[in-house]
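FYI, it's all coordinate maths here, none of it is from the lab. Because the structure is predicted, anything quoted here is derived from the model rather than measured. Neighbour counts are summed over all protein chains in view; Cβ atoms, including those assigned to glycine, are modelled from backbone coordinates with ideal geometry.
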Amino acid sequence: MKTIIIVSGHCGTTMKAARMLAEKLGGADIFDTKDDNASFDFSSYDNFVFGSNMRMFMLNGRFKKWAGKLKKQYKSKNVYGYLIGCMETNDKALAKLSNKLPGNKGVVYAWGEFVTEGVSGQTAGMYENMKKDSLEKGKDLPHIREEELEKLAQLICNISRHLP
Ligand SMILES: Cc1cc2nc3c(=O)[nH]c(=O)nc-3n(C[C@H](O)[C@H](O)[C@H](O)COP(=O)(O)O)c2cc1C
């Protein structure tokens, strides 16, 4: 069973989740869409896992691009996905991510983190305020839901075990 995790994030959380998932799987290769490596060979992988973060209620553009570009390659393989965002729930976005991965065997919302690195102006201020508000209300700050990644890893392993 060979797995490739195709990561589309901005500030590192989506990549962090990919590394956690790879560890739970007992190993997986990671492809960062930021590298935009058109000559990368995906042909030897049995499992394709796409990870995308969210910004302004939208899935990462690079996720959409690569999910489309690799469709032929993963059509006859197993495809999965995970979503990263700071909202506690993100059902609509998760449904959109699922739709972009036709035939997928499972998608999870792994939550995320408040990261404002490289984000400036009003947006950074907005996120700092959300963080302050959560802290004041004693709410959990967004963090990667390891149990969701565990669920995904188990699904991938169970399905792989039944491969011919
Ligand atoms: C400009 C900006 C817009 C964001 N918009 C959303 C959003 O619409 N929904 C959401 O759940 N999270 C949103 N987030 C939170 C990020 O998805 C979250 O911080 C995530 O952990 C970032 O992943 P990354 O570190 O891989 O970029 C936004 C973050 C930034 C900086």
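For Glu88, put the label point 7 Å out on the Cα→Cβ axis and report which residues of region 105-129 keep their amide N under 17 Å from it.
109-114
Where in region 56-164 are there trypsin sites (Lys or Arg not before Pro) that are in a DSSP coil and have at most 14 other Cβ atoms within 10 angstrom of their Cβ? All intermediate terms of the calculation are to be shown ahead of the outcome.
Working: sites: Arg62, Lys64, Lys65, Lys69, Lys71, Lys72, Lys75, Lys77, Lys92, Lys96, Lys100, Lys105, Lys131, Lys132, Lys137, Lys139, Arg145, Lys151, Arg161; in loops: Lys75, Lys77, Lys100, Lys105, Lys137, Lys139, Arg145.
Listed in order of number, the matching sites are Lys75, Lys137, Lys139.
Over all directions, average the projected area of the Cα convex hull of region 3-161 and note it in nm².
Numbers: hull surface 37.2 nm².
Its Cα hull, projected and averaged over all orientations, spans 9.3 nm².
Pop a pseudo-label 7 angstrom from the Cα along the beta-carbon direction at both Met20 and Asp41 and give the gap in nm to one decimal.
Those two pseudo-labels are separated by 3.3 nm.
Give me the angle, in degrees from 0 to 90, between the Cα long axis of helix 13-24 and the longest principal axis of the Cα atoms of the chain, rounded to the nearest 10.
So the inclination is approximately 40 degrees.
Sequence-distant or interchain residues sharing an amide H contact under 5 Å with Phe31, placed H: which?
Ile5, Ile6, Val7
Considering only region 3-161, what is the antiparallel percent among its DSSP beta bridges, to the nearest 5?
Values: 2 of 23 bridges.
Antiparallel bridges make up about 10 percent of those DSSP assigns within region 3-161.
Explain nothing, just the number: relative contact order of the chain, from Cα pairs under 8 Å at least 6 residues apart, as a whole percent.
Values: 257 pairs, mean separation 37.5, N = 164.
Relative contact order here is 23 percent.
Can you work out the PRE-style zone for Lys34? Point 7 Å along Cα to Cβ, and I want the residues of region 74-93 with backbone N under 20 Å.
What the label zone holds, given the 20 Å backbone N cut-off, is 82-86.
In what order do Val107, Val49 fall by count of nearby beta-carbon atoms within 10 Å, going from fewest to most? Numbers along the way, then the final one.
Working: Val107 23, Val49 29.
With the sparsest Cβ surroundings first, the list reads Val107, Val49.
Pick out, in residue order, every one of the trypsin sites (Lys or Arg not before Pro) in region 2-57 that is DSSP loop and has at most 15 other C-beta atoms within 10 Å; say none if there are none.
Working: sites: Lys2, Lys16, Arg19, Lys24, Lys34, Arg55; in loops: Lys2.
Sparse-neighbourhood loop trypsin sites (Lys or Arg not before Pro): Lys2.
For a quick check: sort Tyr45, Tyr82, Tyr127 by the number of other beta carbons within 10 angstrom, fewest at the front. Please list the in-between numbers first.
Details: Tyr45 22, Tyr82 27, Tyr127 15.
If I rank by nearby Cβ atoms, fewest first, I get Tyr127, Tyr45, Tyr82.
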